[in-house]
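Okay, so here's the structure we're looking at.
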Amino acid sequence: MQSASNNQNSSDSRSFDDGVIELPNQQHRRSVLQLLLWISAAFGFFFTLLNWQSNAQMAIVEIALATYSLVLLPFARNDKQQFKVSLLFLVPLYSIILYVLTMPTSTETGYVWILVIPVLSHLLLGRWFGLGLSLIFMPIGFVLFAIRFHDNNAIFNVVATSNVILAGVATLVFSHVYEVSRTRAHRKLLHLATTDSLTSLANRTRFLDVFERERNHAIRNNSDLSLLLLDIDHFKHVNDNHGHDVGDEVLKYVSATICHRLRKTDLACRLGGEEFGVLLPGASLERAISIAETIRKNIADVPYTRGDKLIALSVSIGVSEYGFDGRDLESMYAIADNHLYRAKSSGRNRIRSREMMRNGELDLALAD
Ligand SMILES: Nc1nc2c(ncn2[C@@H]2O[C@H](COP(=O)(O)OP(=O)(O)OP(=O)(O)O)[C@@H](O)[C@H]2O)c(=O)[nH]1
């Protein structure tokens, strides 16, 4: 027999693959990348015109950068390629900035472009890769600046050099700190928006997102996908007899017990009140029924305990399978809900599915 208290917190530590959480972050960076490519193309063509007469070498570099930015633009629309395209954009851009600094016609104002390196790197590559790329290109920029102007006392003196280095370090530190706090705040916000605050399970919004992703995966790989719909039996009595606070604790306990048996790729969600959904990627109907039976048995076998108080619990479960029972969440939910209703009306503490109806309304609970 499992200990009830052992299970109480396990739902908190469970984490589903964060692909869904990461997506908005990638979308944000993709938008920044697209904007930068447009700006780079526009500025490139503008400076080409400006330098055409006076500095043909510079004009060629600028028109090449502008054209290259336009070539990258279609690839930047793909979220999955965002990191690769960012690197393909930033490395040549920084190399050009450094090359321009070494030109005999360059002035000390060209240095300000080195300050752009940490900002762009962090915006497009995130905190660690952004920091890494900045730490490669910024020191090279400082060295080239020193080589270029070392014999010019008006520019290369202690005050001016300290300003150059301090401004560079400050921009690097602020870009990094900003990106770290932005990423943390973004993750926290997404977590709050996609998690049920009482049970720490996924909420309905996240469930919909993950279902779409798993459905696409099932179609691509011709794999199974099943859905469990669980509802605590006579939960109103728990609230009425023991109070709403105990009711909340029972909800947490049931959540933890549901998660106890699941794999990392399965997703449990609180759909509302005392109703839960469990998405089982890769699970056939047979396997889903077996998982549902384990959950049902665990909850029925181990009453919720609080001090000397014992509260016997049970759940009814409806099961549906992708393909046979529908090809979208709405249909799968409707079928599972129908089975759940039948499980309730035929006595509760049992599982219902298409398979069981075919086998003459076999009832797993009765087989106990
Ligand atoms: N403690 C607590 N109770 C909740 C919460 N959300 C919904 N409930 C209660 O859950 C109960 C659901 O009651 P019913 O829909 O009648 O269902 P039931 O008593 O479980 O009966 P069956 O589902 O028919 O077995 C209601 O009393 C709600 O107030 C919550 O977040 N916390």
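May I ask you to work out the translational diffusion coefficient for the range 19-194 at 4 °C, viscosity 1.567 mPa s, via Stokes-Einstein with Rh from the Kirkwood sum over Cα pairs, reported in whole µm²/s?
It comes out at roughly 74 µm²/s.
Within the chain, how many Lys pairs that are eight or more residues apart, or on different chains, come under 28 Å at the alpha-carbon?
So the count works out to 17.
First select every other residue whose beta carbon is under 11 angstrom from the beta carbon of residue 155; then total the charges, Lys and Arg +1, Asp and Glu -1.
-1
At a threshold of 8 angstrom on Cα-Cα distance, excluding pairs fewer than six apart, so keeping six or more, what relative contact order does the range 19-194 reach in percent?
Once normalised by length, the contact order is 20 percent.
Work out the P(r) tail for the range 127-214: percent of alpha carbon pairs separated by more than 22 Å, whole number.
The proportion of pairs with Cα distances above 22 Å equals 55 percent.
Could you tell me how many cubic angstrom of Cα convex hull volume the range 224-286 has per residue?
78
Calculate one ³J(HN,Hα) per residue across the range 156-173 by plugging θ = phi - 60° into the Karplus curve 6.51 cos²θ - 1.76 cosθ + 1.60, and present them in order as whole Hz with x for glycine and proline.
Ordered by residue, 3J(HN,Hα) equals 9, 10, 4, 5, 5, 5, 4, 4, 4, 5, 4, 4, x, 5, 4, 5, 5, 5 Hz.
To the nearest 20 debye, what charge dipole does the chain have about its Cα centre, counting +1 at the Cβ of each Lys and Arg and -1 at the Cβ of each Asp and Glu?
460
Treating the beta-carbon of each Lys and Arg as +1 and of each Asp and Glu as -1, no other charges, what is the dipole magnitude of the range 109-240 about its Cα centre, to the nearest 20 debye?
Charge dipole of the range 109-240: 320 debye, to the nearest 20.
Would you compute the Debye intensity of the chain from its alpha-carbon atoms alone, equal scatterers and no solvent, and pass along log10 I(q)/I(0) at q = 0.09 Å⁻¹ to two decimals?
Scattering profile of the chain, log10 relative to I(0): -0.67.
Would you grab the residues whose amide H sits under 5 Å from the one on residue 203? Only those 5+ places off in sequence or on another chain, please, with H modelled 1.01 Å from N.
195, 196
Return 259, 269 ranked ascending by Cβ neighbour count within 10 Å, so the fewest neighbours appear first.
259, 269
At a 10 angstrom cut-off on C-beta neighbours, averaged per residue, how do the peptides 330-337, 223-230 rank from highest to lowest?
Packing proxy ranking, top to bottom: 223-230, 330-337.
Return the sequence-ordered ³J(HN,Hα) values of the range 184-194 in whole Hz as given by the Karplus equation 6.51 cos²θ - 1.76 cosθ + 1.60 applied to θ = phi - 60°, using x for Gly and Pro.
5, 5, 4, 5, 5, 4, 5, 4, 4, 6, 10
Between beta-carbons, use under 15 Å as the cut-off and find the net charge around residue 131, counting Lys and Arg +1, Asp and Glu -1.
+1
Coordinate-derived values only; no laboratory data. Please read all numbers here as calculations on a predicted model, not as lab measurements. Please note: Cβ atoms are built from the backbone with ideal geometry, for glycine as well, and neighbour counts cover all protein chains shown.
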